[in-house]
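One structure is given here, and the rest of the page talks about it.
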Amino acid sequence: MSRLHQSRIADFQEVLGEPTVALTKLRELCFSGIPFDGGLRCLCWKILLNYLPLEKALWSSLLKKQRDLYSQFLKEMIIQPGIAKANLGVSREDVTLEDHPLNPNPDSRWNTYFKDNEVLLQIDKDVRRLYPDMAFFQRPTDYPCLLILDPQNEFETLRRRVEQTTLKSQTVARNRSGVTNVSSPLKTTPSSLSEYEVLPNGCEAHWEVVERILFIYAKLNPGIAYVQGMNEIVGPLYYTFATDPNSEWKEHAEADTFFCFTNLMAEIRDNFIKSLDDSQCGITYKMEKVYSTLKEKDVELYLKLQEQNIKPQFFAFRWLTLLLSQEFLLPDVIRIWDSLFADDKRFDFLLLVCCAMLTLIRDQLLEGDFTLNMRLLQDYPISDVHLILKKAKELQDSK
Amino acid sequence: AVTAGGAGGPRGCPKAPLDPDHLYNVLFVGDSHVGKTSFLYRLHADTFNPHLAATVGLDYQIKNLLVDNKRFALRLWDSAGQERYRSMTKQFFRKADGVVLMYDITSEYSFSDVRYWLSCIQEAAEDGVAVLLLGNKTDCAAQRQVPTKEGECLAKEHQLMFYECSAASGHNVFESMVSFVRLLKVREDELKNKAEEVPKAPQKKKGCCW
């Protein structure tokens with residue numbers, strides 16, 4: 001380990017060693033990248049994302065409270081509906097029950113159940129393909145949710161629910177097309193499900209944990225529910241917390257990720273809300289801000305992009321909405337997020353990072369035609385994120 | 001005939017023609033998870049990638065095809081299917097020379113949304129825009145929910161070009177695009193002819209030759 005690296009770790013330890021964490025100092029340190037060692041990054045992110053308070057004496061009680069609260073969410077939103085479903089399934093013929101699957105009342109629990117299934121299936125399809133280049137999300141977690149995986153449980157888990165919902169739609173398909181030879185539904189697992197190995201009972205893959213986090217979030221935030229791309233936001237958070245070298249933190253990665261994700265979403269959720277697109281806080285405004293900043297910093301490049309009619313919607317929409325998580329490899333995304341989270345005016349620095357990405361390839365862009373430039377922007381050619389962050393800092397300082 | 005560097009189909013045309021004779025903007029729309037990105041991936045790389053992440057915003061690809069001895073460059077715009085992103089997609093209809101409207105033959109839901117997408121096209125796209133209706137995932141025959149006939153009927157009703165295809169197996173991926181290119185060319189010629197004619201009262205949306 002280099003001496004410089006060791007001294008950086010010492011700097012972090014010093015700030016985090018105080019009874020009250022000095023936020024300004026911590027932000028300064030984090031901005032230049034947080035060491036992975038000793039779980040420093042996990043800890044810093046939890047502070048920067050306002051999950052852990054600055055008063056360290058409050059940590060243990062807060063963590064206990066929040067983690068209990070998360071268990072409560074699991075019970076209310078997954079376990080109880082699962083039990084209710086199992087019970088209702090048994091007495092299905094009794095239509096004198098007040099609530100039944102065909103109840104048209106919008107308050108009907110069944111109605112909610114079916115609506116939730118739509119959201120769940122959408123999440124399911126997206127989290128199964130989270131970071132496909134890495135084995136991590138397909139691997140079993142060391143800390144499966146015991147509440148849910150208890151083999152004594154008779155209730156319907158999310159996994160069963162996805163399977164059931166998919167199988168049901170297959171049955172309908174057979175009826176509709178009038179095919180009468182019944183093939184075993186088990187043999188015709190939809191290809192989307194069979195692409196990934198399903199882990200045996202008692203095990204769950206990391207993506208299943210992420211699925212649960214997103215499902216709970218969708219249930220608690222029905223106004224926004226689940227929007228594609230949220231999976232790319234929760235992914236790096238969960239990965240970071242679920243690889244914490246300290247097992248006493250790692251085992252609570254699910255609950256901690258949920259709350260950090262919720263806090264982060266509170267700051268960026270407007271990007272995911274269509275009706276806000278054209279408002280001051282919406283994504284359109286931010287995309288324009290990238291261009292107006294570029295105009296200030298590099299007018300020649302700005303004019304070139306304008307002339308070629310390359311709109312920020314063509315690339316910056318994704319850059320901004322997903323906090324660049326689809327543009328780089330996961331370790332690099334995490335490094336960028338160190339700086340983004342450390343920004344006290346979150347997420348102003350992100351706009352500068354986007355600008356830096358443009359100016360760093362200005363020579364190529366100035367020479368390229370529309371097609372070439374679109375390719376550059378859609379498939380960004382520089383992988384050295386330190387270079388990008390350095391440039392962004394320069395832009396920030398050159399005001 | 002399709003002449004693409006040899007006896008084969010359009011596949012044998014890997015090199016980008018520097019100066020295309022014709023350039024078209026083609027927008028891909030349809031519900032999420034129907035396979036728009038996979039289709040484009042197959043068209044580009046001629047393999048199936050089951051691990052593609054959901055599209056957020058808009059993706060862009062260029063595809064060069066040599067059809068009937070003419071060089072065509074297609075600017076392919078891949079849109080996000082989920083409801084949240086549709087308002088963004090709608091802004092692009094106007095720029096499009098052609099729209100590929102895709103559904104998933106194993107999802108009745110995605111097929112019933114075709115009518116929604118058609119109304120978007122009618123609302124936002126230029127009159128006479130070429131539309132290709134594509135039913136994807138023919139490789140998943142056991143899970144089929146939308147019979148071929150239904151796709152055909154809908155296409156007939158709205159005068160759309162229609163294919164069923166599979167990005168996973170490659171079935172009809174190139175074939176449908178080559179036919180669509182020919183249709184785009186026909187439309188372009190029609191527009192040119194119209195421009196040369198004496199201006200007259202605005203024409204009603206013209207049906208296509210299919």
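Every read-out reported here was derived from the displayed coordinates using simple, explicitly stated rules and does not represent laboratory data. Quick caveat, the model's predicted, so the values are computed rather than measured. Positions of Cβ are backbone-derived with ideal geometry, glycine not excepted, and every protein chain shown enters the neighbour counts.
What the table below lists for this structure:
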quantity: Whole-Hz ³J(HN,Hα) from phi, Karplus 6.51 cos²θ - 1.76 cosθ + 1.60, for segment A:368-377, glycine and proline x; calculated: x, 8, 3, 5, 4, 5, 5, 5, 4, 7
quantity: Cut-off under 5 Å, modelled amide H: who pairs with B:Val100 long-range; calculated: B:Leu27, B:Phe28, B:Val29, B:Leu132
quantity: Rough spin-label spacing in nm, given labels placed 7 Å along Cα→Cβ, for A:His5 and A:Arg375; calculated: 3.7 nm
quantity: Least to most buried among A:Tyr113, A:Tyr239 (fewest other Cβ within 10 Å first); calculated: A:Tyr113, A:Tyr239
quantity: Stokes-Einstein D for segment B:22-192, Kirkwood Rh over Cα pairs, 37 °C, 0.692 mPa s (µm²/s); calculated: 207 µm²/s
quantity: Other protein chain Cβ atoms within 10 Å, averaged over every residue that makes up B:45-56; calculated: 5
quantity: Mean Cα-pair separation over length for segment B:22-192, i.e. relative contact order, pairs under 8 Å, 6 or more apart, %; calculated: 26 percent
quantity: Label-to-label distance, nm, for residues given as A:Asn50 and A:Glu251 (7 Å Cα→Cβ offset); calculated: 3.1 nm
quantity: Per-residue mean of C-beta atoms belonging to partner chains within 10 Å, peptide B:144-150; calculated: 3
quantity: Long-range amide H partners of B:Glu164 with built H, under 5 Å; calculated: B:Gly135
quantity: Highest average packing first - B:177-186, A:214-223, Cβ atoms within 10 Å; calculated: B:177-186, A:214-223
quantity: Restraint check, B:Lys36/B:Lys137; A:Lys311/B:Lys90; A:Lys25/A:Lys64; A:Lys295/A:Lys391; A:Lys64/A:Lys250; A:Lys46/A:Lys345, Cα-Cα greater than 19 Å; calculated: A:Lys25/A:Lys64
quantity: Calculated from backbone phi, Karplus (6.51, -1.76, 1.60) coupling profile of segment A:305-313 in Hz, x at Gly/Pro; calculated: 5, 4, 4, 7, 6, 8, 7, x, 4
quantity: Packing-based order for A:8-18, B:159-169, using average beta carbon neighbours within 10 Å, highest first; calculated: B:159-169, A:8-18
quantity: In segment B:111-155, GluC sites (Glu not before Pro) in a DSSP loop with at most 16 other beta-carbon atoms within 10 Å; calculated: B:Glu126
quantity: Phi-based couplings in Hz for segment B:123-128 (Karplus 6.51, -1.76, 1.60; Gly and Pro marked x); calculated: 5, 9, 7, 5, 4, x
quantity: Pairs of alpha carbons in the protein assembly as shown whose separation is greater than 36 Å (percent); calculated: 44 percent
quantity: Calculated P(r) tail over 14 Å for segment A:304-377, as whole % of Cα pairs; calculated: 63 percent
quantity: Averaged over B:86-92, number of beta-carbon atoms from partner chains that fall within 10 Å; calculated: 2
quantity: Linear extension gain, A:Leu62 paired with A:Arg160, 0.36 nm per residue minus alpha-carbon span; calculated: 32.0 nm
quantity: At R0 = 41 Å, FRET efficiency that the Cβ-Cβ distance of A:Ala22 and A:Ile83 yields, to 0.05; calculated: 0.30
quantity: Modelled FRET efficiency - R0 41 Å, A:Asn309 with A:Ser32, Cβ distances, 0.05 increments; calculated: 0.60
quantity: Rule-of-thumb Rg ratio for segment A:272-396 [Cα; 2.2 N^0.38 Å; N residues]; calculated: 1.00
quantity: Radius, Kirkwood style, for segment A:247-288 when every pair of distinct Cα atoms is counted (Å); calculated: 11.8 Å
quantity: Lys, Arg +1 and Asp, Glu -1 on Cβ, resulting dipole of segment B:22-192 about Cα centre, debye, nearest 20; calculated: 380 debye
quantity: Cut-off under 5 Å, modelled amide H: who pairs with B:Asn64 long-range; calculated: B:Leu74
